[in-house]
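To start, the structure under review is shown below, and the notes come after it.
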Amino acid sequence: MKSTTSTSKNPPSDIILEVKNLVQVYGKRPVLNGINFQVRKGETFVIMGGSGCGKTTLLRILIGAQRPTSGSVHIFGEDITTASPQELDRIRLRFGMNFQFGALFQSMTVGENIALPLQEHSQVDPSLIEMVVKMKLELVGLTGFENFKPSEISGGMRKRVGLARALALDPELLFSDEPTSGLDPVMTAVVDQLTLDSTRKIGVTAVVVSHDMTSCFRIATRMLMLGSGSRQGEIVAEGTPAEIKANPDPFLQQFIRGEADGPIPFRLSQDDYLKHLLGDG
Amino acid sequence: MKFSLQTLLNVEGNGYGLLNVRIFGWILYGLTRRDVLVPSEILRQMIRIGVQALPMASLVALSVGFILAMQSSTELGKLGANSFIPDLVSLSLMRELGPLLIAIIVVGRSGSAVAAEIGTMKVNEEIEALRVMAIPPVRYLVIPRYIALMIMLPCLTIFGNCVGLAGGWAVCASTLGMTTSFFIEHAVHRPELWDLYSGLIKSVVFAHILITTACYQGLSVEGGADGVGRATTNAVVYAILWIIIADALLTGLFFFVL
């Protein structure tokens, strides 16, 4: 196993996450094609893009669930793409992941779900773990729900429990996958506020994958848009919310405004359609 | 020793052989660290996988005892050899039918449940969540189930043998007029200890095949509900298939080679 790297000795102090020349190819289709970006300490970095643009693939690579075809991902200065499982586990203790549908353990109660990482990775007394669970539940507005099973609470609550579990070990970095998808506007605002609280009050750096524009502009300090169709795999734009709004790129503007007509294709081009019909494509 | 164990645990890949290597590695590692093997979780799995299978295993063992006694009485009776029925029932159960049938019952009941449970966890991203929380799924999910079944299947087999003998006794006592003392004398005292041990060794091997197959199929689930269904079916089919093949090999080894 290759050791994690010289960069771990002296990482630039405020760069938490650095992605360099990231390429992911499925078959012959490049999903990510030379992606580069950095996330600095304290930022809420939002990755957005249409369906099939590679957001989930990128997130899976960022959390070490998938090895990229090429390129590197440095988290806290250590390259997770070449890290051994043992080294990866050590890095993972410093970040949390909030899954799209919570990924809560159905056989456990809400409290047990949040307590699990504490039981596994800390030596603290069970009574203290119980107290931390209550604190995390209070943080996400679910005080008193310790003994409920995930199947007994709503989708929005499950997302909040997922966030509480992701924050259980007080991570320095939080990944969130579509934290507001499928939620009503009020619950979307609640989850957004929780993300903001995590970054502003607790000092967590957040990387959020989303295509909910309202939510993205509400929470982001910096944003990145991944392209799809003819621009599949490339970064369409990166910047602060104000810079993104001011960017004239028609691809980006169509996405922000949610318009059906524009450069983002939802049908094949005439040539591709013809090839598809004739069985050539 | 630590280096070699870490090497075992860190082997990358998802094959059945690698799952066995990881199980072996974690159990060895667990012997050196107290927090790896969690007694409460192992106990919980022993109850779920083993104790809750008792009623079904009892019913099957009792029926097999009845069947063995009744079938053998029709043929041995013609030869005037009904007195050998207790020996036959006892030896058949201890050496062969006890371990095999109890294993098949547990495959159907608990093996399918384990494959479906782990498979559903995979589909719901719970396995992914464990990995991201730096909790190895094999250590957290497979090891407690593995140890639980390695303990419980031999126990269930011994229990099944006793219940099966009771079934045989019921037939012998009620239809052949055999006394209880005669039945016990022949059924319990006649077989040698090796007959019991060979059956128990078989049940340990069957437990290994059963739980590794079920866990492997569960961890290999791809897709959604159809993937879980396929994994559950595969777990039952492959486990029964390999258990019967292993039974044939072990029988040959124990009674023809050794």
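Some notes on this structure:
- In order along the stretch A:170-181, phi translates into HN-Hα couplings of 6, x, 7, 10, 10, 9, 10, 9, 6, x, 10, 5 Hz, rounded to whole numbers, per the Karplus curve 6.51 cos²θ - 1.76 cosθ + 1.60 with θ = phi - 60° and x for Gly and Pro.
- Distance between the stretch A:122-197 and the stretch B:69-145 - C-alpha centres, whole angstrom: 40
- FRET efficiency for the pair residue A:170 and residue A:148, taken as 1/(1 + (r/R0)^6) with r the Cβ-Cβ distance and R0 = 25 Å, rounds to 0.60.
- Remark: spin-label model distance residue A:135-residue A:119 equals 2.0 nm, labels positioned 7 Å along the Cα→Cβ axis.
- Trypsin sites (Lys or Arg not before Pro) within the stretch A:153-229: DSSP coil, no more than 12 neighbouring Cβ in 10 Å: A:201
- In sequence order, the stretch B:198-210 has phi-based couplings of 4, x, 6, 4, 4, 5, 5, 5, 4, 4, 4, 4, 4 Hz under the Karplus curve 6.51 cos²θ - 1.76 cosθ + 1.60, θ = phi - 60°, and Gly or Pro positions carry x.
- Beyond 29 Å in Cα-Cα separation lie the following of the pairs A:55/A:159; A:20/A:136; A:41/B:122; A:134/A:245: A:20/A:136; A:41/B:122; A:134/A:245.
- Residue order by solvent-accessible surface for A:273, B:238 is A:273, B:238, largest first, with ligands and nucleic acids left out and a 1.4 Å probe.
- With a 10 Å cut-off around each Cβ of A:111-118, the average count of Cβ atoms from other chains is 2.
- Binning all Cα-Cα separations of the protein assembly as shown at 10 Å, short to long from zero, yields these whole-percent fractions: 3, 15, 22, 21, 15, 10, 7, 4, 2, 0, 0.
- Packing, as the average of other Cβ atoms within 10 Å across residues, places the peptides A:226-232, A:127-133 in the order A:226-232, A:127-133, highest first.
- Each Cα pair under 8 Å and six or more residues apart adds its sequence gap; the mean of these over the residue count of chain A is a relative contact order of 23 percent.
- With the convex hull drawn around the C-alpha atoms of the stretch B:151-258, the volume per residue stands at 133 Å³.
- Within 10 Å of the Cβ of each residue in B:120-132, the mean number of Cβ atoms contributed by other protein chains is 6.
- Rounded D (µm²/s) - the stretch A:89-194, Kirkwood Rh over Cα pairs, Stokes-Einstein at 10 °C, 1.306 mPa s: 116
- Sites residue B:40 and residue B:20, calculated FRET efficiency, Cβ-Cβ separation with R0 30 Å, nearest 0.05: 0.75
- Its relative contact order, with pairs defined as Cα atoms under 8 Å and 6+ residues apart, puts chain B at 30 percent.
- Average partner coverage of A:96-108, which counts Cβ from other chains inside 10 Å: 4
- Highest GNM mean-square fluctuation among B:170, B:207, B:235, for chain B modelled with Cα contacts below 10 Å: B:170.
- The tail of the calculated P(r) for the stretch B:38-160, taken as Cα-Cα distances beyond 16 Å, holds 67 percent of the pairs.
- Temperature 20 °C, viscosity 1.002 mPa s: under these conditions the Stokes-Einstein estimate for chain B, based on its Kirkwood radius over C-alpha pairs, is 109 µm² per second.
- Chain A: angle of helix A:110-121 to the longest principal axis, Cα-based, in degrees nearest 10: 90
- For the pair residue B:47 and residue A:67, label points projected 7 Å from Cα toward Cβ lie 4.2 nm apart.
- Taken along its three principal axes, the alpha carbon spread of the stretch B:119-211 comes to 66, 26, 15 Å, from the longest extent down to the shortest.
The values are calculated or read from the model by the stated rules, or taken from the named source; none is laboratory data. For clarity, every value in this text was computed on a predicted model and none was experimentally measured. Reconstructed Cβ throughout: ideal geometry from the backbone, glycine too, with neighbour counts over all protein chains shown. Note: accessible area is taken over every heavy atom of the protein model, side chains too, but ligands, DNA and RNA are not part of it. Shrake-Rupley method; radii C 1.70, N 1.55, O 1.52, S 1.80 Å.
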